[in-house]
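Quick notes on the structure that follows.
The values are calculated or read from the model by the stated rules, or taken from the named source; none is laboratory data. Only a predicted model underlies this, so the values are computations on that prediction, with no experimental measurement involved. Positions of Cβ are generated from backbone atoms using ideal geometry, with glycine treated the same way; all protein chains shown enter the neighbour counts.
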Amino acid sequence: METISLIPHYIFHPHISLNQNKPKKGQSFFRYDMDEVIQQCNELNEILLSLNSVNRELYCWFTCDHHITQRQVSVIEGHLEKVLENKLREGWEIHVILIPLASRLSLESYLAQIERLFIPLRKKYPTESFGQIVGQRNGLISQALLLKGLRQFPNRYVSLYWDSQQLTHINNETTVSPKTWPSLFKEFIHDYDYYGALELLTDMKSHSTEYQVIEALLRTQLTRMNFAFDEAAQYLKNAMTLVNTHESLVETEGIFSRLLSEETKQKELERIVELFRQIEVYIQTDDVPSFLVRFYRAREAVLFYLLQFGKTDADNDLHFAKKSSIYQLFEQLEELYDSWEIDGYYGAYFFLKSKNVAGILEARNKSFIGHSRMSINQKDLWYAFAGTTNTTIAKAKRRFQMDVDLLLRDLGVQVDDNFYSINQFLLQMVDRMRTEGDYVEKG
């Protein structure tokens, strides 16, 4: 049997939806047809046996309700990966990707979602070939996956047809066409590269409302990520005077209101949440230096928050001596916990002093952004956090996000999807600009 180099993609039929009623104890917040998943796994096992690929990675695609949050998507993907690992042949690394479905099903909506999901794959696999296992029941999603696959991976996207006995390969030869302005702009947005998107925007000739809103929001996000919240709030205000009230903009306005609050506890807590919003962005884009810089500051911010607002006696002014190291800060916290001058927030405290967190920050200390000139090895960093090499980077990241969720829950807050929501709104504005013909590229 001929050995090939190919990463297969397989579409599962069951749709992932949220439970309409509040889940009871022991129930999940989502549901799907497990029997059909098992049935498809049986078929997929036969296909994988026939494939004989030297690559041992498999991508499994599911559709899901569009209102499922990004954090819920991460939880569901982790659950499905465990299910498939138990049902599929050993030796394969399973990756699950959820495609959110809009309320109105259309090829265009599938294309938009798959384009966003393919961008990180194109970065991760710059030369590898992909094989889409074409099914008879996949309809629009199969078409959209093929169309975007040919676009994103020209001359290395293969169609695989299974007839219950034999697997047929069809090599798709495609011509690489130059990227349009909207497609380039969208890539910058999907990558959270607001500076690149703004530079690209300045090449346009437009005085439309959409153009002005896009520019204001890009400047909002840029100044925000530099922690200039006063300036960011003003840019957001400019955008909101130009468009009807939108959920993502109202949410962001509320965030800035808390970030700039005169109430110290509210402001400090929101700044911790904002750090973790930005940390999540850098995890998604694999910007490890920016991730480490912010995570170091986030840990420090949470510890000082515990010192300031974890007091058992609100009228007791604790003396905080200036500390030369994070370890001395932990020592002071231990003394205050031991004397009951601080109580509560145990989950946050023990997570931040855990060996897992120490493993991540040790990578920072040994790198060029810490006390050395060494580079940062992403695998070593995430393996250090997971405490084992018997995992994947994706799983280690998912565990980190879950631990952060628990930390913030202990503080009484949650990470939201604000950056993702702003991005979606920006993409809507770009599409509206395209539809109305309000832009002309500079020659």
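Below is a table of values for the structure above.
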| item | result |
| --- | --- |
| Residue within the range 27-38 that is surrounded by 13 or more Cβ atoms within 10 Å (Cβ to Cβ) and of a type in the set (Gly, Ala, Ser) present | no |
| Residue in the range 90-108 that is assigned to a helix (DSSP H, G or I), surrounded by fewer than 18 Cβ atoms within 10 Å (Cβ to Cβ) and not β-branched (Val, Ile, Thr) present | yes |
| Residue satisfying all of: in the range 241-269; surrounded by 19 or more Cβ atoms within 10 Å (Cβ to Cβ) and touching a residue at least 60 places away in the same chain (Cβ under 8 Å); nearest to Gln424 (Cα to Cα) among these | Ser248 |
| Lone unmet requirement of (1) crowded, with 20+ Cβ neighbours inside 10 Å; (2) farther than 30 Å from Lys124 by Cβ for Arg224 | (2) |
| Selected residue (criterion: nearest to Arg409 (Cα to Cα)) from residues of the range 329-361 that are polar (S, T, N, Q) and not in a helix (DSSP H, G or I) | Ser354 |
| Any hit, the range 311-322, residues being of a type outside the set (A, V, I, L, M), in the same structural domain as Glu274 (by TED's automatic domain parsing), out of contact with any strand residue (DSSP E or B) (no Cβ under 7 Å at 6 or more places or on another chain) and at pLDDT 80 or above | no |
| Matching residues, the range 1-47, being part of a helix (DSSP H, G or I) and in contact with a strand residue (DSSP E or B) (Cβ under 7 Å, 6 or more places away or on another chain) | Glu36, Val37, Gln40, Leu44, Ile47 |
